[in-house]
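Structure first, then comments.
Laboratory data are not the source of any read-out in this text; all were calculated from the coordinates shown. Keep in mind it's a predicted model, so treat the numbers as computed, not measured. Cβ: placed from backbone, ideal geometry, glycine included. Neighbour counts: every protein chain shown.
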Amino acid sequence: MTFWQIIILASIAVLALKVAGYLVPPSLLEKPAAARVADLLTIALLAALAAVQTFGAGEEIVVDARVPAVVVAIALFALRVPFILVVIAAAGVAAGIRALS
Amino acid sequence: MNDPGGFDRHHRSAARAGLAVGLATAAYGISFGALSVASGLDIWQTCFISLVMFSGGSQFALVGVLAAGGAAAGPAAIAGAALLGTRNGIYGIRTAPIVGGGPWKRLAAAWITIDESTAVALAQPTPRSRRTGFWVTGIAVFVGWNLTTLAGALIGEALGDTRAFGLDAAAAAAFVGLLWPRLKRVQAGAVAVAAAVVAVVLTPVLMPGLPVLVAALVAVAIGLFNWLGTPDGPAPVPGAAPSMSDATLPVPEDVLPVPGAALPASGTRVETAS
């Protein structure tokens, strides 16, 4: 697959899921398991992506400047610092460590 | 409800909340644009994603997996983005009665059904202010998000060596930020830790993208059997933060810093909450 094919397919899939919500009967929400799974699915995917983005390098595990950067980010999120500032701070920590090492 | 003054007041406060959330979210589109370009996508591809996919979590997942595995990880990237997009479908079930209108209007509404528009809409007290909150938020985020995506992509291209600028760490921080507002329950925290461990352990074993999908199975298992969950409590609203069920209106923007932010439960499951 080319990047364009991947991008178009993924975009249509996400858009189709939004449209599907307007077409299905509301009674689907009566099932607690469905809503609960959807909720936890989001959490699991985001946590897994965060972990892989922090430790992964292709098919290897690498501990580098990303780890302290993410630790700083977690601390700042806990202090309720706005999202964009935390992301910039994380980039700054990693960039600083790499510039000095 | 025979209080036109109150009606107008709710209407205006819904619009204000929507614009504030739109502004806050737009700032964050810059990071998506820059990270997408750093992942090897060009400016057109980056802007296409923000225009058509228009869902922060899915967008970051797509470019994150492509950055790790390239085009070979395409199926996993698509699956990851789609799975993260399922919650928008659940939101749509709740917002469909709010927006009304014909098929084209409903298609437009579906397009802008995301964490922010749903959260602001459901937090409003009257049908009219809910509708206003939905459309103002959705359109404000859509316009701002796409403009800042373009700006971020241009910045990303200008940076060149993105690793030296720590953009890989910024991507990791972005995922943490999307996750953070959702970690209000024990069950949510357990799922997050388990998923992170599974994904890291499997990274040397499976091709890029697949560890994330396997980690998602953890959530499905825990969700289906409701391990660590509250027994026969109301179903959690997707992304709901239970502590916000008594939130004052309008939704404070700091509750909704980003796409993927927790959806306040007020107005959604209030009727079933004790």
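So the values come out like this:
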item	result
Rg over Rh, two decimals, the stretch B:106-145 (C-alpha only, Kirkwood Rh)	0.95
Label-to-label distance, nm, for residues given as A:A78 and A:S101 (7 Å Cα→Cβ offset)	2.2 nm
If the convex hull is drawn through the Cα atoms of the protein assembly as shown, its volume per residue in Å³	122 Å³
Per residue Cα convex hull volume in Å³ - calculated over the stretch B:79-125	72 Å³
HN-Hα J in Hz across the stretch A:30-37 - Karplus 6.51, -1.76, 1.60, θ = phi - 60°, x for Gly and Pro	5, 7, x, 4, 5, 5, 5, 5
Amide H contacts of B:F54 (H built 1.01 Å from N, under 5 Å, at least 5 apart or other chain)	none
Taking N as its residue count, the alpha carbon Rg of the stretch B:80-203 over 2.2 N^0.38 Å	1.32
Residue among B:A170, B:C47, B:I98 farthest towards the positive dipole end of the protein assembly as shown, charges placed on Cβ	B:I98
Descending semi-axes in whole angstrom, ellipsoid equivalent of the stretch B:1-103, from the Cα gyration tensor	35, 17, 10
In order through the stretch B:201-217: 3J(HN,Hα) via Karplus (6.51 cos²θ - 1.76 cosθ + 1.60), integer Hz, x for Gly, Pro	4, 7, 4, x, 9, 10, 6, x, x, 5, x, 5, 5, 5, 4, 5, 5
Per-residue HN-Hα couplings for the stretch A:84-98 [Karplus 6.51, -1.76, 1.60; θ = phi - 60°; Hz; x = Gly/Pro]	5, 5, 5, 4, 5, 4, 4, 4, x, 4, 5, 5, x, 4, 5
Simple Cβ-charge dipole of the protein assembly as shown, Lys/Arg +1 and Asp/Glu -1, about Cα centre, in debye nearest 20	760 debye
Nearest-20 debye value, the stretch B:4-170 charge dipole, Cβ charges on Lys, Arg, Asp, Glu	920 debye
Paired Rg and Dmax values of chain A, which use every Cα atom, in angstrom	18.8, 58
D (Stokes-Einstein, µm²/s), Kirkwood Cα radius, the stretch B:4-170, 1.002 mPa s at 20 °C	129 µm²/s
Separation of the B:W227 and B:L159 label points, Cα + 7 Å toward Cβ, nm	3.8 nm
